[in-house]
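I have placed the structure first, in the form of structure tokens, so that the comments after it can refer back to it.
The values are calculated or read from the model by the stated rules, or taken from the named source; none is laboratory data. Keep in mind the model is a prediction, meaning the values are calculated, not measured. Neighbour counts run over all protein chains shown; Cβ positions are idealised from the backbone, glycine included. Please note that ligands, DNA and RNA were not included when accessible areas were found on the heavy atoms of the full protein model with its side chains. Shrake-Rupley method; radii C 1.70, N 1.55, O 1.52, S 1.80 Å.
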Amino acid sequence: MKQHLTIMLTLLINLGFAQNKQAGETIRDKSCSAAIKKAEKFIDSLREKNKLPGISVCVGNKEKILWAEAFGFADLENNTPLSIYSKFRLGSVSKLLTSLAVGKLCQEGKLDLDAPVQQYVPDFPVKKYPVTSRQLAGHISGIRHYRKDDPLTIPKEYKSVWEGLSIFKDDTLLFKPGTNYEYSTYGYSLLSAVIEGAAHMPFLSYMQDSIFVPFGMTHTTADINDSIIPNRVRFYEQAGNKLVNAPLVNNSYKWAGGGFLSTPYDLVKMTMGLLNQKVLQQKALQLLFTAQHLENGKNTNVGIAWRINTTKTGLTFIHHGGAIQGGRTFVLFYPESGYTFAITANIMEAPLNVNEAMAVLGFFLHSVDTK
């Protein structure tokens, strides 16, 4: 009997270690050992300095994932460590996922970016000027962003994409489309209705079947409040010098513009799929990564969701960030070399921006240059 108890205890202990190992699982390419060591120190220091509950990161190139690691906790109350498969709120990085749907529908000849949105959403009110999907995707449509009087503080479940448009659909345009740049998440809510009309299926179903599955994004899903979603992290915010739970929100009015959950691992796989033309071909990629211009010729530095900029040395980098209650995400890649960095945190106040992304990628680029 004593022997049986000892065996059972040993099995339980081993199971506990196995679970902990899975929770802290990492991917480290041996050829990048020096770069990974520097990047680990940088990220861990960033988390400690800013008292962040958890950070997950991933670096890859066109060929493979080079590094994926998670730091800190998915759930502070239960001391649950993060995994590289922990799902974070993407915020506006969700727009990048939506851009893939736009590219695919254009590639298949199902979406005319320059047609009025009523071609795909007939019941959307006609405005003083026509509004097109291209303008929605580039934030030059005149559709407004959030307002203080929007009904968002009390979480409400919008049963459909169309129902979510009720927040802004009757408002006048801020300006004639194409004449100004004004960031708008609601523009992406309308764009998701366009995608439904062009694809002839619900937006979330199209994203799952036509985008997430082909790109191998197995850890990406909508942030549905009442669903049991494995590996969804807890969400936090800073209140003075302490961390508290982020308020309850319902993102059903903005799936396309800020309602998805994902991992850095999946986000880097997404970029790898783009660079390797796994789903979208060259013409579609050119559409996504070509900056739009206003009527006066001014460059907006935004294509279809993606932001396109150049370093002082002339190196192109493409990026986007997202900030949302309980979440911060940032993605950046260099199209010439194919090196990509994605990072997520389960707190909106995390300082994750261009400089941090370039710093981490710099370790990897430098290690390549000096071989």
### Query
To the nearest 0.05, what FRET efficiency results for Asp171 and Asn301 with a Förster distance of 41 Å applied to their C-beta separation?
0.95
### For segment 179-189, 3J(HN,Hα) per residue [Karplus equation, 6.51 cos²θ - 1.76 cosθ + 1.60, θ = phi - 60°, Hz, x = Gly/Pro]
9, 8, 10, 9, 4, 8, 6, 4, x, 6, 4
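Once you keep just the Cα pairs under 8 angstrom separated by 6 or more residues, what percentage relative contact order results for segment 143-274?
Rounded, it is 34 percent for segment 143-274.
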### Query
What FRET efficiency would be calculated for the residue pair Glu237, Val213, taking the C-beta separation as r and a Förster radius of 30 Å, to the nearest 0.05?
0.35
### Query
Of all the C-alpha pairs in segment 184-226, what % are more than 12 Å from each other?
64
### Task
Please list, or write none, the aspartates and glutamates whose alpha carbon is within less than 16 Å of the alpha carbon of Lys41, excluding same-chain residues fewer than 8 places away.
Glu69, Glu356
### Message
Taking 0.36 nm per residue of sequence separation and subtracting the Cα-Cα distance, how much length would be gained by fully extending the chain between Gln286 and Ala34, in nm to one decimal?
### Response
87.3 nm
### Task
For helix 94-107, report the angle its Cα long axis makes with the longest principal axis of the Cα atoms of the chain; keep it between 0 and 90° and round to the nearest 10°.
60
### Message
Taking the Cα centre as origin and putting +1 on Lys and Arg beta-carbons and -1 on Asp and Glu beta-carbons, what dipole magnitude results for the chain, to the nearest 20 debye?
### Response
660
### Message
Over segment 290-365, what is the relative contact order in percent, taking alpha-carbon pairs closer than 8 angstrom and at least six residues apart?
### Response
19
## Note on the structure
Mean separation of Cα contacts under 8 Å (at least 6 apart) over the residue count of the chain, i.e. the relative contact order in percent, is 24
## Note on the structure
In Å³ per residue, the alpha-carbon convex hull of segment 301-371 encloses 94
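State which entries of Lys110/Lys278; Lys127/Lys148; Lys176/Lys312; Lys110/Lys156; Lys127/Lys278; Lys62/Lys104 exceed 27 angstrom in Cα-Cα distance in the structure shown.
Lys176/Lys312; Lys110/Lys156; Lys127/Lys278
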### Task
In square nanometres and to one decimal, what's the mean projected area of the convex hull around the Cα atoms of segment 68-221?
11.1
### Task
Compute the acute angle (0 to 90°) between the alpha-carbon long axis of helix 354-369 and the principal axis of greatest extent of the alpha-carbon atoms of the chain; round to the nearest 10°.
60
### Message
P(r) for segment 17-116, please, calculated from all Cα pair distances in 5 Å bins and given in %.
### Response
3, 10, 15, 17, 17, 12, 9, 6, 6, 4, 1, 0
### Query
In square nanometres, what is the average projected area of the Cα convex hull of segment 61-127?
8.7
### Message
From the gyration tensor of the Cα coordinates in the chain, what semi-axes in whole Å does the equivalent ellipsoid have, largest first, with each one equal to sqrt(5λ)?
### Response
36, 25, 19
### Query
Using 7 Å Cα-to-Cβ label points, what is the Leu315/Asn225 separation (nm, one decimal)?
4.4
### Summary
Rounded to the nearest 10 degrees, the helix 2-23 long axis (Cα) sits at an angle to the longest Cα principal axis of the chain of 40
### Task
Quick one: grab Rg to one decimal and Dmax as a whole number for segment 201-244, Cα atoms only, in Å.
15.1, 47
### Task
Give, to the nearest whole percent, the P(r) tail of segment 247-369 beyond 17 angstrom, counting all Cα pairs.
63
### Task
Return P(r) of segment 127-177 (all Cα-Cα pairs; 5 Å bins starting at 0; whole %; ordered from short to long distances).
4, 18, 24, 26, 16, 10, 2
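From the square roots a ≥ b ≥ c of the eigenvalues of the alpha-carbon gyration tensor of segment 173-262, which class results: rounded (a/c under 1.5), prolate (a/b over b/c), or oblate?
It comes out oblate by the Cα gyration axes.
Solvent-accessible area per residue for the chain at a 1.4 Å probe radius, Å²? Let's see the in-between values first.
Working: 17060 Å² over 371 residues.
That works out to 46 Å² for each residue.
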